[in-house]
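Chemist: Got a structure for you, written out below as structure tokens; questions coming shortly.
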Amino acid sequence: LDAPLYADMAGDLNVSFEFFPPKTEKMEEQLWSAIGTLAPLAPKFVSVTYGAGGSTRERTHNTVARIAKETPLPAAAHLTCVAASKAEIGEVADAYWEAGVRHIVALRGDPPQAGCKFEPHPQGYKGAAELVEGLVKRHPFEISVAAYPETHPDASSAQSDIDNLKRKLDAGATRAITQFFFEPETFFRFRDTVAAAGIDAEIIPGIMPVSNFAAVQRMSAMCNTAVPEWMGKLFEGLDDLPAARQLVSATLAAELCRKLYAGGVRDFHFYTLNRAELSYAICHLLGVRAA
Ligand code: FAD
């Protein structure tokens, strides 16, 4: 691929940022400082995750509602089906609609205990496709869903996972955001397969800047993301050098984005982990500047 030089990148792209709801006052300060730093980059939207098992229902709501009220940023709320009846999910959706939130990232979610199998609530939705259907019936939300370039761990095959993605889009979602991955070819192969399945919705790559390699290895193992050997080598010897690690991390994520850009990608979703610097630096390299 003929990737452009950073200096030639015009910033003709859309970015979005994902945060998680803060647990403590200190984390809350960190989140708002991150939002303050990233807001001038005029993201297409910012989203806030929903804790496993719906454990952050209130905190996710409060964070998204505050973004919607106090900032000009389009705010999106993640919402999962775990441990909730359809009626309860309906109430959560109503509260978002009333708070002026118009975008939901609709997900099945994972069981609260890692490694357990997902069991739908007896009066609940069986998966994200049903959730999308329920949400659009309730309010005309804009809906994003999850997609898996390396196939979701519970899927019986790559094809059945793509069929499921198609069901979610056919049910009313307008775009998919991918699980994180580390090789551009992984995304391009997935994009081709998705197109061959007749899906023409936007598929936005989820970019995870790796600041803690060991933690990302653990997460990757749980969600089926391959961690290339070369990446381990690049983080070797940096355990006690956080600043150097950040520089390596920004370089790797920016390189991934630059190659994706060369392959025609113009939308990028960043898993910020509530820290602005890495995502800001990567966006800056890609030519995205404060408005
Ligand atoms: P679904 O689309 O329902 O799919 C789940 C599995 O079931 C897949 O393997 C699918 O292939 C299979 N499947 C579904 N229907 C069928 C069928 N009819 N026949 C056969 N197989 C079927 N988790 C959280 O808890 N909170 C968050 O905020 C959160 N945010 C996320 C954001 C993004 C961008 C991504 C990529 C993931 C996020 N997750 C979050 C993780 C997500 O909840 C898990 O990956 C979960 O295990 C699957 O959710 P899903 O919406 O993709 O599920």
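Chemist: Out of all the residues in the stretch 154-176, which are under 20 Å from the mean Cα position of the chain (by Cα), of a type in the set (S, T, N, Q) and within 10 Å of the ligand (Cβ to nearest atom)?
Modeler: Matches in the stretch 154-176: 164 only.
Chemist: Does residue 243 satisfy being of a type in the set (Gly, Ala, Ser), more than 16 Å from the ligand (Cβ to nearest atom), assigned to a helix (DSSP H, G or I) and farther than 18 Å from residue 2 by Cα? Before the answer, list the steps.
Modeler: On the way: of a type in the set (Gly, Ala, Ser): yes; more than 16 Å from the ligand (Cβ to nearest atom): yes; assigned to a helix (DSSP H, G or I): yes; farther than 18 Å from residue 2 by Cα: yes.
So residue 243 fits the description; yes.
Chemist: Taking interchain pairs and intrachain pairs at least six residues apart, which have beta carbon atoms under 9 angstrom, with the first residue in the stretch 26-44 and of a type in the set (Ser, Thr, Tyr) and modelled with pLDDT under 95 and the second surrounded by 14 or more Cβ atoms within 10 Å (Cβ to Cβ) and assigned to a helix (DSSP H, G or I)?
Modeler: Within 9 Å, no pair qualifies.
Chemist: Given 259, 233, which one is over 18 Å from the mean Cα position of the chain (by Cα), surrounded by 13 or more Cβ atoms within 10 Å (Cβ to Cβ) and not in a strand (DSSP E or B)?
Modeler: Numbers: 233 fails: surrounded by 13 or more Cβ atoms within 10 Å (Cβ to Cβ).
Result of the check over 259, 233: 259.
Chemist: Give the stretch 123-160 a look and list any residue that's buried (at least 19 other Cβ atoms within 10 Å of the Cβ) and under 20 Å from residue 187 (Cα atoms), or say none.
Modeler: Those that are buried (at least 19 other Cβ atoms within 10 Å of the Cβ) and under 20 Å from residue 187 (Cα atoms): 144, 145, 146, 147, 148, 149, 150.
Chemist: Continuing with this model, one more query. Identify the single condition in (1) at negative phi; (2) surrounded by 14 or more Cβ atoms within 10 Å (Cβ to Cβ) that residue 214 does not satisfy, given that it satisfies every other one.
Modeler: Evaluating residue 214 over (1) at negative phi; (2) surrounded by 14 or more Cβ atoms within 10 Å (Cβ to Cβ) leaves (2) as the failure.
Chemist: Looking at 234, 260, 241, which is the one that is more than 23 Å from residue 39 (Cα to Cα), at pLDDT 95 or above and touching a strand residue (DSSP E or B) at 6+ places or on another chain (Cβ under 7 Å)?
Modeler: Values: 234 fails: touching a strand residue (DSSP E or B) at 6+ places or on another chain (Cβ under 7 Å); 241 fails: touching a strand residue (DSSP E or B) at 6+ places or on another chain (Cβ under 7 Å).
Being more than 23 Å from residue 39 (Cα to Cα), at pLDDT 95 or above and touching a strand residue (DSSP E or B) at 6+ places or on another chain (Cβ under 7 Å) holds for just one of 234, 260, 241, which is 260.
Chemist: Also: Six or more apart or on different chains, Cβ atoms under 8 Å: show the pairs whose first residue is in the stretch 132-146 and on the phi < 0 side of the Ramachandran plot and in contact (Cβ under 8 Å) with a residue 12 or more places away in the chain and whose second is away from the ligand (no atom under 15 Å from the Cβ) and of a type in the set (Lys, Arg).
Modeler: These pairs meet every condition: 141/102; 142/102.
Chemist: Mind checking which helices (runs of 4 or more DSSP H) fall wholly inside the stretch 128-225 and carry at least 1 residues that are out of contact with any Leu (no Cβ under 7 Å at 6 or more places or on another chain) and more than 30 Å from residue 2 (Cβ to Cβ)?
Modeler: On the way: elements: 128-138, 158-170, 184-196, 213-223.
Ranges flagged: 128-138, 158-170, 213-223.
Chemist: Return yes when residue 194 is at pLDDT below 95 and buried (at least 19 other Cβ atoms within 10 Å of the Cβ) and no when it is not. So that I can check it myself, show each step before the final result.
Modeler: Values: at pLDDT below 95: no; buried (at least 19 other Cβ atoms within 10 Å of the Cβ): yes.
So residue 194 fails the test.
The values are calculated or read from the model by the stated rules, or taken from the named source; none is laboratory data. Just so you know, these numbers come straight off a predicted model, no measurement behind them. Glycine also receives a Cβ, built like all others from the backbone with ideal geometry; neighbour counts cover every protein chain displayed.
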